[in-house]
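These notes concern the structure reproduced below.
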2 protein chains.
Amino acid sequence: MKLYNYWRSSCSWRVRIALNLKGLAYEYVPVHLVKDGGEQHSEAYRALNPMRTVPTLELTEGGRVRHLSQSLAILEYLEERHPSPALLPADPYARARCRMLAELVNSGIQPLQNLSVLQRIKGEFKGDDKAWCAYWIDRGLTAFQAAVQETAGTYCLGDTVSFADICLVPQLYGARRFGVDLGPYEVLTRIEAACARLPAFQAAHADRQPDAVPA
Amino acid sequence: MKLYNYWRSSCSWRVRIALNLKGLAYEYVPVHLVKDGGEQHSEAYRALNPMRTVPTLELTEGGRVRHLSQSLAILEYLEERHPSPALLPADPYARARCRMLAELVNSGIQPLQNLSVLQRIKGEFKGDDKAWCAYWIDRGLTAFQAAVQETAGTYCLGDTVSFADICLVPQLYGARRFGVDLGPYEVLTRIEAACARLPAFQAAHADRQPDAVPA
C-alpha cells in the first residue's frame, strides 16, 4: 500500500497510527499542502482524490489499483480487511460510542481547522485564523471530555486502543499548535500520554515523518 | 427510541431516513436550533449531547437509557443492531467507497454550513454566509460526483440504497437553500430523484416534519 499524506495533517496521522497498530507496511508518499500553491491541487492528485485532501490510500483490490480517501472510511476498511488487533470494541453500543468520539473530532473539529478553510478566513475576511481554530477546538474538546467519561480507562474506550484515541492524539497536537490551553483537559492529556508510550503512535507522530519541518 | 432532532438539520434527516428504511418506530422530539438562542444549548440537552448538536438518539442498552450523537455513528449502530435491510454493501472495498462518499458530505461539506459556523461568519466577520456555504457545497459536490462514477447505478452504490444516498439527499436540499446551481450535477440529481420515489425518503423529508416551517 501507498499512503499519500502530509506530516502535519491530522487525518493523515490517524491512518499512519492505524497502519502501524495493525503492523501493515506502506510506502510514504508526501503531498506538500503548501508548496507551489499545494500539490493536492495538481491534476495527477485530483485523479486519485477529487476532494484534493490528504490522506489517500492506494491499495490493490480484485487485481486493480484503487484509491480511498476520508480517514475514517480508511480506518473502517483497514479494520474489516485486517481485523487484528481490533481498533473498535466488539459490542455494538460500545462501537457506537467509539465512533461517536471519533466523529466528534472528524466532523466536529477538524473540518474547521482545515487549511482550505483557514485560507478563506484569513484571505477573505482578514480574520485571525489561529483564534478561529482555537475556538472550535476548545468547544470540541470540552464536548469530547464530557462524552468520554462514560467509557474512559487507560484509553478512551477502557484499556484498549481504538479509533477514538487515533483521532484524539493528532487533534491535541493541533490544539497546542493553535494555542489552546490544555489545562482543563486532564482526562484527554492523560489518555494522550498513555498512547505516546506505544511504538505505533510514536512512529506515526507528525514530527517524525520524512517530510516534517518541525518548528 | 426517541430522536431529538430538527426538521431542516441534514444530520437529523439522515437518521430519519435510516430509521424509516429499517422500519424502526421512533418518537420525534423537536429541538429548535434558533428559538430562545437555540434549545440545543440548554442544560438539559447538553446532558444528553455535550456537543450541543442534533440529532441525538435515545435508546435502551443493557436495561439503561443511553444517548448517541453524531449521525454516522448512529447509522453504523443501527446497521449493526438492525442489519436488515443492509445500508452498507457486503464487500469491504465497496463498503469503504460507500463510507468515503458519506464522509465527503459528513466531514467535507456539512460542518462548514453548520449553524454555529454561519453565526460566526456573519456575526464576527460580517461575511455573506450564503456565499460561504455555496462555495463549500459546490466544491464538495464536484468531488462527490467525480468519486461516485466508480460505483453509481440507480443509487450511489449500484442499485441498493446506502449511507451514501442517505447523506447525499439532505445535502442537495441544503445546496438549493444556499443557492447552488445544481445544473452540473446531473448524476447526483438523478440519484436524488430515484431516492425521492421511496416512501422512507419521502417520510423523512425536512418539510414533512412536525416542526417544519417551509419557506
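Side notes on the structure shown:
- Solvent-accessible heavy-atom area per residue, rounded to whole Å², over the stretch A:139-215 at 1.4 Å: 42
- In Å², nearest 10: area of A:Met51 left accessible to a 1.4 Å probe: 10
- Separation of alpha-carbon centers, the stretch A:160-179 and the stretch B:21-81, rounded to whole Å: 25
- Amide H contacts of B:Glu61: B:Arg66, each under 5 Å away and 5 or more positions distant or on a separate chain (H built 1.01 Å from N in the peptide plane; Pro and chain starts excluded).
- Label point 7 Å beyond Cα along the C-beta direction, distances from B:Gly153 to other copies (nm, shortest first): 4.2
- If you count Lys pairs in the protein assembly as shown whose Cα atoms are under 26 Å apart, skipping same-chain pairs closer than 8 places in sequence, the total is 21.
- Charged-residue dipole, Cβ positions (Lys, Arg, Asp, Glu), chain B about Cα centre, Debye nearest 20: 260
- Entry note, the stretch B:1-113: relative contact order of 25 percent, from Cα contacts under 8 Å with a spacing of 6+ residues.
- With DNA, RNA and ligands ignored, accessible area of A:Val54 (1.4 Å probe; Å², nearest 10): 20
- The simple spin-label model puts a point 7 Å past each Cα toward its Cβ; for B:Ala203 and B:Asp36 those points are separated by 3.0 nm.
- For A:Pro92, the point set 7 Å out from Cα toward Cβ sits 2.3 nm from its twins in the other copies, listed from shortest up.
- For the set B:Thr154, A:Thr53, B:Thr60, solvent exposure ranked by accessible area (probe 1.4 Å, protein chains only) runs largest to smallest as B:Thr60, B:Thr154, A:Thr53.
- Long-range HN-HN contacts of B:Val29 with modeled amide H, under 5 Å: B:Leu3, B:Tyr4, B:Asn5
- Mean ellipticity per residue at 222 nm, deg cm²/dmol - from DSSP H runs of n ≥ 4 across the protein assembly as shown, formula -39500 (n - 2.57): -15000 deg cm²/dmol
- Selected from B:Ser107, B:Val117, B:Ala147, residue furthest toward positive end of dipole (the stretch B:91-155; charges at beta carbon): B:Val117
- For chain A, a Gaussian network of Cα nodes joined below 10 Å ranks A:Gln149, A:Gln40, A:Gln70 by mean-square fluctuation, and the top entry is A:Gln149.
- Reference-scaled alpha-carbon Rg (2.2 N^0.38 Å with N residues) for the stretch B:150-210: 1.10
- Computed from point charges on the beta carbon alone (+1 for Lys and Arg, -1 for Asp and Glu), the dipole magnitude for the protein assembly as shown about its Cα centre is near 280 Debye.
- Members of the stretch B:90-110 that become less accessible by 30 Å² or more once partner protein chains are added (1.4 angstrom probe, chain alone as reference): B:Pro92, B:Tyr93, B:Ala96, B:Arg99, B:Met100, B:Glu103, B:Leu104, B:Ser107
- Size-normalised alpha-carbon gyration radius of chain A, reference 2.2 N^0.38 Å: 1.00
The values are calculated or read from the model by the stated rules, or taken from the named source; none is laboratory data. Please read all numbers here as calculations on a predicted model, not as lab measurements. Cβ: placed from backbone, ideal geometry, glycine included. Neighbour counts: every protein chain shown. Just so you know, the surface numbers come from the protein's heavy atoms only, side chains and all, with ligands and any DNA or RNA stripped out. Shrake-Rupley method; radii C 1.70, N 1.55, O 1.52, S 1.80 Å.
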